[in-house]
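The values are calculated or read from the model by the stated rules, or taken from the named source; none is laboratory data. Since this is a predicted model, take the numbers as computed values, not measurements. Every residue, glycine as well, gets a Cβ built from its backbone with ideal geometry; the counts of neighbours run over all protein chains shown.
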Amino acid sequence: MEVRAIPALGLGRSSAPFRAAWACLRQGISFSNISADDLAFVYENTLITPEARKLFGTHSTPRQVAEYVVQRLDLHQHRPEELQIYEPFAGAGIFLVSALRHLRDLLPIDWTDQRRHDFLVHHLAGDEIDPFACEVATLSLILADYPNHNGWHIREADLFEQDALEKQMRAHNVILCNPPFEAFNPKERSRYPITAQTYSKPVAVLNAALNAHPLALGFVLPRPFILEKQFAEQRRRIEQLYGTVELVELPDRAFGASVIEAALLIASDSRPPAPAVITLRSTEIADRDRSTFLKTGKTTMQRRLVRPVAEDATGELWIPPLASLWQYVDSYPRLGTKLQPSRGLEWTYDQTKAFSEQPQPGFRKGLHSARRFRQFVLGRPVWLDYRRESVRRGYDQDWDNPKLITNAGRLSRGPWRIGAALDTEGLLYSQQFFGLWPERPLSERDLLALAAILNGPVANAFIAVHSPAKGIRTSAIEQIPIPPSLPDQLTDFVAEYLALLGNPQALRDNDERLAVLLTQIDAAVLEAYDLSPRLEQQLLEYFQDTERPVAHPWAHWDVTAPTPGLRLAERVSGRFRPHGDWIAEVFRPLPEREADLLRELGE
Ligand SMILES: C[S@@+](CC[C@H](N)C(=O)[O-])C[C@H]1O[C@@H](n2cnc3c(N)ncnc32)[C@H](O)[C@@H]1O
C-alpha cells in the first residue's frame, strides 16, 4: 500500500510550540498508520489547550457517543442522495466521521472509490471557528476515507455572526451538533444579533436547527435539557416536529478532559408525514457502566413509551424511572402536608468561615457541613455565628421546636440522595441543610417515623428522579409521597436502631444487627406504602449496586431470600423461611364455630 505523509494544510492557531508539536506529529505519522479515531484522541488530549477550550467552549464528543447518535438516527430509512449532513461547531469533526461511515455503507457497492468519495464530499459539511480544529476535522475526514484525497467542506466561520447559523441549518437536512454550552458573554451580546432571542448558546443553536426543521437531528446538550424549565419551549417544539425522540442521560465524566453534565437528543421521523403519535425512548447509563458505554456504546437501561401528541404539546419527552410507581402513589398524601422545608443560615461573609469549634459570644450550636451527614445521624455540631448583623438569611426560625434536618445537596451520585435525622436540641443549621418543621405539632414518635420514610427507598428514589442531579429542591421535598398511615412498630425499630448507633461500642460490634434493623425499618416503611410485589421489586432494583449513606456497612436488601417474588416485609417476617413454621402460621385450622357454619352451608 502506498504510504503518504499527512499534508500540511496551513496551521491556523498560531502559537509557536503548537506549530512545532503539530509539525513534529505530521512528520512522524502517515495515512497508513493513524486512523481518524487516533487523530481525534490526539487532538482532544494534546493539541487543545485549556485556553482554547475556554475561549471556544470546547468539549469534544467521545467517538462512541457520536457513533451512538448517528446509528440511532436510522439514516438508512432515507435515500442517500436525499441526505445533506451538517455538523455546525464541528471541532475535530467527530460526528462527520461517524456519519461518513454510515453514509458510505448506504452507497451502491459497484461504485468506484472516486465516485463514492465525490458523493460523500457533497453530502457532508461542517463549520468551525477555530482554524486549527478545521484542519484536524479535514484530516480526520481524509483519514476516514483513505486513500481518497481532500475536497471536504470544512469551513472556517463564526456561526453566531449575522444569520450564518440559520442559513447553514436551512441548507442541510440532518444536523449533528455539540454546541458550546456557555452563555454569551457581555462582549458577544453586544456583537451578535442572535443574542436578542436568548443569552444561552445551546438554546440559540437548537432554536436555529428547529426553525430549519431538518429530517433528523442529533444534539449533545446540557443535561437540564431533559427536564428543566429553561428548555421547555424547545422540548414542546420537538414533540410537535418529530415522531421518534430519544433522550440519553449521559453519566458524569463522559467527556474526558471537560467537566460537563450532558444529555443527548436524537430526533427523527419528521412530522408531517409522521402521524400525531410520538415514540419516546429514555436511555440511561449508570456510573458503573460509563467505561463500557464509552468503549462499546452499550447502555444500562432504556424505557419506551408511545403516546398521542396533543395540539398543545406538553414537551414531556423524558419517561422518568419508576413511572408506574409514581402513578400508583399519585393519590398519596405529600410530605409537605406534615413538614415544611426551610433553608439554613446564610452569612454576609465567607460561608466556610462562619463557625467556630469553641463557644463564642453570639454563636449558637448547630450543623455547618453536610459532608459527613448520614441517614438518621446528625453529625458533629459546631458553633455557628448567630449575630444578627452576620446572618443574611434564615435568622429567627423556631429553633427550639423539634424538627428533622436533611441535607440540601445530594449525599451520593447514585439514587441514595437524602438523609434525615431528628433534632430535639434546637440545633441551628447552615445552607447545606434544610430544616423540616412540623406544620402542626407532631410527637417525637411521628417525627422518627417520618425520618424513616425520608431515609427509605421511595423518598430517595423520588428525589433522585424529581430533583436536579446535584441539588435537592424544597419543592421536590414537599412533594415526596408518604404512606396514608404510619405503622406503630416502625418507631420501635428506629428507636432501637438509634440506640445502637448512639453506642460507640455497638458500632464496632453490631454492624450486622444495625443492617438487620435498617432492613426492618425499610420493610415497615414499604409495607405502609402497600406496593405490589412487582412495583416494590422495581424500586429495590433501582438501588442495585449503589452505596447507601449510612453510618455502618450496609449491603443491598437480599431480594431473593428465602424465595423470589416476596415483598420485603414478607421476607423479614420469617413466615417464609424454608424451615420455618409459616404453613402452620398461615393455614391455621378454622375456629370450631366457623367450621360448623361452613359445613351447614355445604349441606
Ligand atoms: C463543544 S465543542 C464540539 C466540537 C465537536 N463538534 C465535537 O462534538 O466534538 C464546540 C465547538 O464549537 C466551536 N465554536 C465555538 N464558537 C463558535 C462559533 N461562534 N462559530 C463556529 N464554531 C464555534 C469551538 O471551537 C468548538 O470546537
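Whether any residue in the range 76-96 is assigned to a loop (DSSP other than H, G, I, E, B), within 12 Å of the ligand (Cβ to nearest atom) and over 18 Å from His172 (Cβ atoms) is what I want to check. Yes - at least one qualifying residue is present in the range 76-96. If the condition is being within 15 Å of the ligand (Cβ to nearest atom), farther than 12 Å from Val97 by Cβ and of a type in the set (Gly, Ala, Ser), then the range 125-157 contributes Ala125, Ala133, Ala157. Return yes when Leu227 is touching a residue at least 60 places away in the same chain (Cβ under 8 Å), in the same structural domain as Asp163 (by TED's automatic domain parsing), more than 20 Å from the chain's Cα centre (by Cα) and buried (at least 20 other Cβ atoms within 10 Å of the Cβ) and no when it is not. No, not satisfied. Quick check on Gly256: is it modelled with pLDDT of 95 or more and of a type outside the set (A, V, I, L, M)? When the stated conditions are applied, Gly256 does not pass them. Apart from one condition, His556 fits all of (1) farther than 20 Å from Pro415 by Cα; (2) of a type outside the set (Asp, Glu); (3) surrounded by fewer than 19 Cβ atoms within 10 Å (Cβ to Cβ); the exception is (1). Only one entry in Phe160, Phe181 is of a type in the set (Phe, Trp, Tyr), touching a His at 6+ places or on another chain (Cβ under 8 Å) and within 15 Å of the ligand (Cβ to nearest atom), namely Phe181. Restricting attention to the range 194-204, the residues being in contact (Cβ under 8 Å) with a residue 12 or more places away in the chain and away from the ligand (no atom under 13 Å from the Cβ) number 3.
Among the residues that make up the range 134-148, is at least one of them under 30 Å from Thr46 (Cα atoms), in contact with a strand residue (DSSP E or B) (Cβ under 8 Å, 6 or more places away or on another chain) and assigned to a loop (DSSP other than H, G, I, E, B)? First the steps, then the outcome.
In the first step, residues of the range 134-148 are kept if they are under 30 Å from Thr46 (Cα atoms); the result is 134-148.
Adding the requirement that they be in contact with a strand residue (DSSP E or B) (Cβ under 8 Å, 6 or more places away or on another chain) leaves 134, 137-138, 141.
Next cut, assigned to a loop (DSSP other than H, G, I, E, B) only: none.
Checked the range 134-148: no residue is under 30 Å from Thr46 (Cα atoms), in contact with a strand residue (DSSP E or B) (Cβ under 8 Å, 6 or more places away or on another chain) and assigned to a loop (DSSP other than H, G, I, E, B).
Selection of first residues in the range 85-101 that are among the charged types (D, E, K, R) and of second residues that are part of a loop (DSSP other than H, G, I, E, B) and near the ligand (Cβ under 9 Å from one of its atoms), restricted to Cβ pairs under 9 Å at least 6 apart or on distinct chains, gives the following pairs, ordered by first then second residue: Glu87/Gly93; Glu87/Asn178. Among the residues of the range 151-162, which ones are touching a Pro at 6+ places or on another chain (Cβ under 8 Å) and surrounded by 13 or more Cβ atoms within 10 Å (Cβ to Cβ)? If the condition is that a residue be touching a Pro at 6+ places or on another chain (Cβ under 8 Å) and surrounded by 13 or more Cβ atoms within 10 Å (Cβ to Cβ), then Glu156, Leu159 are the ones that fit.
Among the residues of the range 399-438, those identified as under 18 Å from Trp383 (Cα atoms) and part of a loop (DSSP other than H, G, I, E, B) are Trp399, Asp400, Thr424, Glu425, Gly426, Leu427, Gln431, Gln432.
Among residues of the range 155-183 that are without any contact (Cβ under 8 Å) to a residue 40 or more places away in the chain, those with a beta-carbon under 7 Å from a residue that is part of a strand (DSSP E or B) and more than 9 Å from the ligand (Cβ to nearest atom) at least six positions away or on a different chain give the pairs Ala183/Ser200. Kindly evaluate Leu448 against the criterion of being part of a helix (DSSP H, G or I) and either among the acidic types (Asp, Glu) or under 23 Å from Gly366 (Cα atoms) (or both). Spelling it out, Leu448 is indeed part of a helix (DSSP H, G or I) and either among the acidic types (Asp, Glu) or under 23 Å from Gly366 (Cα atoms) (or both).
Matching residues to (1) polar (S, T, N, Q); (2) at pLDDT 95 or above; (3) in contact with a Lys or Arg (Cβ under 7 Å, 6 or more places away or on another chain); (4) buried (at least 20 other Cβ atoms within 10 Å of the Cβ):
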| site | (1), (2), (3), (4) |
| --- | --- |
| Gln71 | yes, yes, no, no |
| Leu107 | no, yes, yes, no |
| Gln114 | yes, no, no, no |
| Leu120 | no, yes, yes, yes |
| Gly126 | no, yes, no, yes |
| Ala133 | no, no, no, yes |
| Val136 | no, no, no, yes |
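What about Leu428, is it modelled with pLDDT of 95 or more and more than 30 Å from Pro251 (Cβ to Cβ)?
Working: modelled with pLDDT of 95 or more: yes; more than 30 Å from Pro251 (Cβ to Cβ): yes.
In short, yes.
Please specify each residue of the range 245-277 satisfying the condition of being surrounded by 21 or more Cβ atoms within 10 Å (Cβ to Cβ) and closer than 21 Å to Val306 by Cα. Those that are surrounded by 21 or more Cβ atoms within 10 Å (Cβ to Cβ) and closer than 21 Å to Val306 by Cα: Val245, Glu246, Leu247, Val248, Glu249, Leu264, Leu265, Ile266, Ala267, Ser268.
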